[in-house]
Amino acid sequence: DLYGIEKALKNLGIKGENSGTSTGNNWLPAKGAWLKSSSPADGNEIAQVASTTEEQYESVIAAAQGAFIKWRQVPAPKRGEVIRQIGEALREKKADLGKLVSYEMGKSYQEGLGEVQEMIDICDFAVGLSRQLHGLTMHSERPNHRMYEQYHPLGIVGIISAFNFPVAVWSWNTMLAWVCGDVCVWKPSEKVPLCSIACQNIVARVFAENNVPEGVSCLVNGDYKIGELLSHDHRIPLVSATGSTRMGKKVGAAVGARLGRALLELGGNNAIIISETADLDVAITGALFGAVGTCGQRCTSTRRLIIHESIYGEIKEKLTNAYKQLRIGNPLNEKNHVGPLIDTDAVKMYMDALQKIKDEGGSILTEAGVLEGKEYESGCYVKPVIAEVENSMNIVQTETFAPILYIMKYSNIEDAIAMQNNVAQGLSSAIMTMNIRESELFLSQAGSDCGIANVNIGTSGAEIGGAFGGEKETGGGRESGSDAWKVYMRRQTNTINYGRELPLAQGIKFDL
Ligand code: UN1
């Protein structure tokens, strides 16, 4: 146990066989099909988690409904105090949970720790927020009237999360939802079920210590069918889903058909524009981390570089050289820069994409392919690739969740912005420039059409304090910081008459 995995699993309460269904401290008996979790790092099976049956799903929703009636009565700052304690528990478990994230998902240990840090940060944010769930007050047009708005808890929040951020994305949703007075039902990705068991254990202990009712934190596990139960369920007013655009279109349609709320955080096709005035060291480092970090499996990963023609050759050379220095290997070994893809299906998608690049006339500038031999037995390690392409190619227009970086040239900034926007997705974007006219244009209404637009930093690695999400096929949802909490509450407008008359609005007279 070179990396201390056994110990981490033990500290996180993960056994060989685990129930995948819980309402808090109560774990329902394992009944449904087993999800086997194996590590893309070494190919070993780690443990199993039982899927939730339909019958179990029903009892989870019943528990959540009952819990909501009690939890919404707890004053928001008191709910915040419980979240503060979750933040403390996460600080204690940071190394273990970061290790599990790294081992089960395949991102580097550093990035696993970073993900747990995002959880801690959103806890801190949520604690402050618990005293700031403000509405506005307005002046009434009628005498002796007062108007204001308030935000009330919404109900059950369904959370569907992706494999690539197996713990942080859940926490962005739950920590806000909980201080808002909601209860949560989480359906994690079936590729990383152990992370969900670990999180549920951490929360359940804190909840028990604070007499938080069973059902405030619920967990269901399984494949897309469990996700469908959530998205079609009229008892769930908000479904927050993170993942592919394909999945999001289905969730959005199902939730929309019943006029529920969907918070969608879907695919990106994120570009960095590198101007001729860019600080090249900053630009290269930003592009490199954005493209190969998390093995290209962030929704914010840098997919495209749009480079000014005058520095195109230089950037191309510097980047291909940097790619040669990358160390690919076990993500728990801190010497390595790039870990594995999530599974062999993802490897197949990477290989298919390489073929399509060639078929469409693009050229691959670096060594490509799957790594074999000792250390690479899982079959999930691939070489990060740079490809020279046209923005209009089908493959460039598609999000491939793998470390494939497309590079292309531009000659004027307006064209570069048009290229950056000319994709179906609209999550993250960046410009590297020292020219204030270019950077302001990029951030203006005529600039980037993405939910995130950065200057002199890359496309990935957003902080939790800002609203996170994007436009177009990215789904339009915003999670995490700023006022993203509002989607987890229902707004009520109140008008109060403290006079003895009943004047009608709009000056209407109704005299008998
Ligand atoms: C995701 O890939 O789904 O901005 C989330 C980032 C991270 C979150 C990514 N803070 O890269």
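Check each of the GluC sites (Glu not before Pro) in the range 337-435 and keep only those in coil by DSSP with at most 15 other C-beta atoms within 10 angstrom; list them in order.
Details: sites: Glu360, Glu367, Glu372, Glu375, Glu377, Glu388, Glu390, Glu399, Glu414; in loops: Glu360, Glu367, Glu372, Glu375, Glu377, Glu390, Glu399.
In loop regions of the range 337-435 (DSSP not H, G, I, E or B), the sparsely surrounded GluC sites (Glu not before Pro) are Glu360, Glu367, Glu372, Glu375, Glu377, Glu390.
Against the chain, whose longest principal axis comes from its Cα atoms, helix 280-292 is set at around 70 degrees.
Once the convex hull of all Cα atoms in the range 204-252 is built, its volume per residue stands at 102 Å³.
Taking a ≥ b ≥ c as the square roots of the eigenvalues of the Cα gyration tensor, an a/c ratio of 1.5 or more together with a/b larger than b/c marks the range 42-198 as prolate. Taking each residue as 0.36 nm, the span from Asp483 to Glu414 lengthens on full extension beyond its C-alpha to C-alpha distance by 21.7 nm.
Its Kirkwood hydrodynamic radius, worked out from the mean inverse distance over all distinct Cα pairs, puts the range 349-395 at 11.6 Å.
Put in order of Cβ neighbour count within 10 Å, fewest first, the listed residues His152, His234 become His234, His152. Projected label points at Met349 and Lys78, each 7 Å from Cα along the beta carbon direction, are separated by 4.5 nanometres. Our summary of shape: the Cα atoms of the range 241-354 have principal axis extents of 53, 35, 26 Å, ordered from largest down, in whole angstrom.
Annotation: amide H-H contacts under 5 Å for Ile386 (H modelled 1.01 Å from N, sequence separation of 5 or more, or interchain): Leu365, Thr366, Leu405.
With coordinates expressed along the principal axes, the C-alpha atoms belonging to the range 309-378 extend over 41, 30, 18 Å, beginning with the largest. When restricted to Cα atoms, the chain yields an Rg and a Dmax of 24.4, 92 Å, respectively.
Compute the length gained on full extension between Leu504 and Leu280: take 0.36 nm times their separation in residues and subtract their Cα-Cα distance, giving the result in nm to one decimal.
The span from Leu504 to Leu280 would gain 74.2 nm if fully extended.
For the chain, the relative contact order is 18 percent, taking Cα pairs closer than 8 Å that sit 6 or more residues apart in sequence and dividing their mean separation by the residue count.
Would you mind estimating how fast the range 32-111 diffuses translationally, via Stokes-Einstein at 10 °C and 1.306 mPa s with the Kirkwood radius over Cα pairs, in µm²/s? Roughly 99 µm²/s, to the nearest whole number.
Here the dipole of the chain is about 1440 debye; that uses its Cα centre as origin and unit charges on the Cβ of Lys and Arg (positive) and Asp and Glu (negative).
With 5 Å bins beginning at zero, the pair-distance distribution over Cα atoms of the range 382-512 amounts to 2, 8, 13, 16, 15, 11, 7, 5, 4, 5, 4, 4, 3, 2, 1, 0, 0 %.
Seen against the Cα atoms of the chain and their longest principal axis, helix 344-359 is set at about 60 degrees. In a DSSP loop and with at most 14 other Cβ atoms within 10 Å, the trypsin sites (Lys or Arg not before Pro) in the range 125-195 are Arg131. Neighbour counts of C-beta atoms inside 10 Å place Ile328, Ile226 in the sequence Ile328, Ile226, starting with the fewest.
In a shell of Cβ-Cβ distance under 12 Å around Gly252, excluding Gly252 itself, what net charge do Lys and Arg (+1) and Asp and Glu (-1) give?
Details: positive: Arg246, Lys249, Lys250, Arg258, Arg261; negative: Glu265, Glu473.
Cβ neighbours under 12 Å give a net charge of +3.
In terms of surrounding Cβ atoms within a 10 Å radius of their Cβ, Val206, Val370, Val385 rank from fewest to most as Val370, Val206, Val385. Between the helical axis of 245-257 and the longest alpha-carbon principal axis of the chain there is an angle of about 20 degrees.
A short reminder: the numbers here are calculations on the coordinates, not readings from a lab. Quantities reported herein were computed from a predicted structural model and do not represent experimental measurements. Cβ atoms come from the backbone with ideal geometry, glycine included; neighbour counts cover every protein chain shown.
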